[in-house]
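Coordinate-derived values only; no laboratory data. Model, not experiment: these values are computed from the prediction. Here the Cβ is made from the backbone with ideal geometry for all residues, glycine too, and neighbour counts use every protein chain on show.
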Amino acid sequence: MQRRDLMQAGAAFGWGGWSALAQAHHGWSSFDQDRPLYLEGRAASVRWRNPHAELVLDVPESLRLPPDLAQRSLPAQTASIDGPALLARTVLPTRRDRRWEIELAPLFRLGQWQVPEIKNGMPLSVVGFAFKDEKGEAILRAEYLFLDGKTYGLRSSPA
């Protein structure tokens, strides 16, 4: 049974769309780090707990890449990531899913960045990585989170 099927089964049993069996933790190596993607929308459901916070993002049909994305100011972080180059390479996903699961950082790291707890309905955007060739489930591992006018780098701690 695929992860989406398990989540739908969980929803049918009143588990809020999250099935304990559907949980999975994906390391960075599972994602295509050569092709950063941009998503924005509203948080439909949020799991603010370890091993990392997750949310389901409702993406508008008319998703567009912001014209200022490559010029956005990025915070310094301990990982050696060329953030400006990453933002300059960022594209929209080719798949047309209207709902994406977003994997954020562990709660400890979110606390280091002082990321406010994301609530259902909050608008946000992310740059991150999907599975290679965007195959499989619509899951994005977030590299940068844009929330309330602030940018958070999620791979490591603030520098």
Rounded Å value of the spacing that divides the Cα centres of segment 91-159 and segment 55-88: 9 Å
Could you compute how fast segment 26-153 diffuses translationally, taking Rh as the Kirkwood radius over C-alpha pairs and applying Stokes-Einstein at 10 °C with viscosity 1.306 mPa s? Give it in µm² per second. 108 µm²/s
Anchor LYS119: lysines whose Cα lies under 18 Å away (excluding residues fewer than 8 positions away in-chain): LYS150
Along the charge dipole of segment 26-153, pointing to its positive end and built from +1/-1 on Cβ of Lys, Arg, Asp and Glu, which listed residue (GLY111, PRO84, PRO66) has its Cα farthest out? GLY111
Scan segment 112-159 for trypsin sites (Lys or Arg not before Pro) in coil per DSSP, keeping those whose Cβ has at most 13 other Cβ atoms within 10 Å, and list them by number. LYS119, LYS135
Report the FRET efficiency, 1/(1 + (r/R0)^6), for ARG72 and TRP48, where r is their Cβ-Cβ distance and R0 is 30 Å, rounded to 0.05. 0.75
Here FRET efficiency (C-beta to C-beta, ALA159 to GLU61, R₀ 41 Å, nearest 0.05) is 0.60
